[in-house]
Amino acid sequence: MSVEPPLRSLIADDDPLSAERLRAVLERWGHDVRVAGDARTAEVLTQVWRPDVVLLELVLPDGDGVTLIPRLRAGDEPPQIVIVSSHATVRVTVDALAAGAASVLEKPVDVELLQDVLARLSCRRTKVDAAAAEPVAELGGMVTRDLRMRALFDTIRLAAPSGVNILVQGENGTGKELVATALHDLSPRAAGPFVKVNCAAIPAGLLESELFGHERGAFTGAVAGRKGLFEQSNRGSILLDEIGEMPLALQAKLLRVLQEREIRPVGSTTPVKADFRLICATNVDVSQAVADGRLRQDLYFRLNTIALQIPPLRERTGDIALLAPRFLRRFAASYGRPVERFTDHALRVLEEYAWPGNVRELEHVVERAVILAAGSRIDAGDLPATLRQLPVRTAGQVSVPAGCSLEEVERLAILQTLELTDWNKRQAAKLLGIHRPTLYNKLRKYRLWRSEDRFRRDPLETVG
């Protein structure tokens, strides 16, 4: 069975017999194959012939495979790198993956495993090509190729002219304020004021006065009357950000304002008519906030005429290649820096990061990189270390390269868990789901210990 679609495959191996065996297999699958016997030839062929994948031996006559990986992937359309070697130790495997390799296979190559790896890479290439073919949609400073975001843009265009209350939901940094601004700018109220209020940033005791205004002498320090933000937004729009942080007593007054379309300043007995369009935003699960009693259910029904949900950046990583260069150009111009583009390795690091702070975090990362970049390109080394720690590991998870034997997988899982727990064997055994005596037996089997333990009578006689 062939890999679809067939790939342009470069074999970089100084062992003629091994290279020819691999060539025969790939050509049987319909690949267009070239062979390079040294690092220099591999580099030239990568630049001139532009293969889709390079099957790379780690030990070449004129170079080390791990250090060669970034050079092979330096172009605008870099090939995927698959290490095929008998020298792939755990340390070298981790280094190769961090340098940009897609997978690591051990010689002699398991043909079925190689086929699975190449099929996965071919599928990834097809998805990337399909994503690149998607038209770019822009709205109010936002840009996307993501289908969910494109649907969101369509909903904004339809909802903006209506004037109904809108609830915008999304994690911090996803662009809720940009969505609210687009709703205002596309509405008949665009010529009117657009007032933005962060309910979490104003002390609860002052929020009522800020929203509804107050009369002179209404409270200590009120030496003059003041229009509230609702009145200031007359014939325009008002955004209540973090609506879930509003005190319950004030939520009841807001509900009345929405029902009557009039406000009563603090200390006044005379209501004031208010003509505004309300947009609310929150980063919390509103249904859970209602269940917890933090948000009045009747107010939620009033606010939720139309609900807009912004997907987090980690669910639309295809947009990173659109957003990051735009941020780069803006900050390069702002700071007068000669930075022109990202390297492919840097973009790959950006696309593989989870982005808990979403688009806002990406923006700050690009700003930092523009300021610190030494040349005209931003490389992976110019990004924060938290983004460059590949493979990424968290408690209870380990990164295992494809192509390892089961024993190598077990050894790598144990080693990464020990490093994760700073070699605390009690914690490591707990994370691995085994008893400590079992862990000790495996440490002896795989001869795993730190250099400082090497000269002990028993290297396992350590704390933990």
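Structure values in brief
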quantity: Every residue from the stretch 120-146 that is of a type in the set (D, E, K, R) and at pLDDT 75 or above; calculated: R120, E138, R145, D146
quantity: Of the criteria (1) out of contact with any strand residue (DSSP E or B) (no Cβ under 9 Å at 6 or more places or on another chain); (2) within 30 Å of L313 (Cα to Cα), which one N198 fails; calculated: (1)
quantity: Within the stretch 157-201, considering residues that are under 28 Å from the mean Cα position of the chain (by Cα) and among the basic types (K, R), the one nearest to A307 (Cα to Cα); calculated: K176
quantity: Count of the stretch 366-390 residues which are touching a helix residue (DSSP H, G or I) at 6+ places or on another chain (Cβ under 7 Å) and over 30 Å from V90 (Cα atoms); calculated: 7
quantity: Total residues in the stretch 418-451, condition hydrophobic (A, V, I, L, M, F, W, C), modelled with pLDDT under 80 and in a loop (DSSP other than H, G, I, E, B); calculated: 3
quantity: Unique residue being of a type in the set (K, R) and either within 25 Å of the chain's Cα centre (by Cα) or at pLDDT below 90 (or both) when the list is R50, R21; calculated: R50
quantity: Residue in the stretch 34-47 that is under 25 Å from R377 (Cα atoms), part of a loop (DSSP other than H, G, I, E, B) and out of contact with any Asp or Glu (no Cβ under 7 Å at 6 or more places or on another chain) present; calculated: no
quantity: Within the stretch 290-342, considering residues that are under 19 Å from M246 (Cα atoms) and of a type in the set (D, E), the one modelled with the highest pLDDT; calculated: D298
quantity: Residue identified as modelled with pLDDT of 85 or more and either loosely packed, with under 15 Cβ neighbours inside 10 Å or more than 16 Å from R314 (Cβ to Cβ) (or both) among L406, L362, L383, L415; calculated: L383
quantity: Test set (1) crowded, with 17+ Cβ neighbours inside 10 Å; (2) in the same structural domain as D154 (by TED's automatic domain parsing); (3) not basic (K, R) - F301 fails condition number; calculated: (1)
quantity: Residues being surrounded by fewer than 24 Cβ atoms within 10 Å (Cβ to Cβ), β-branched (V, I, T) and part of a helix (DSSP H, G or I) - total across the stretch 67-102; calculated: 4
quantity: Boolean, P356 is out of contact with any Phe, Trp or Tyr (no Cβ under 8 Å at 6 or more places or on another chain), outside the structural domain of E177 (by TED's automatic domain parsing), in a loop (DSSP other than H, G, I, E, B) and modelled with pLDDT under 80; calculated: no
quantity: Qualifying residue in the stretch 59-77 (condition: touching a Leu at 6+ places or on another chain (Cβ under 6 Å) and modelled with pLDDT under 90); calculated: yes
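The values are calculated or read from the model by the stated rules, or taken from the named source; none is laboratory data. Note that the structure is a prediction, hence the values are computed from the model and not measured. Reconstructed Cβ throughout: ideal geometry from the backbone, glycine too, with neighbour counts over all protein chains shown.
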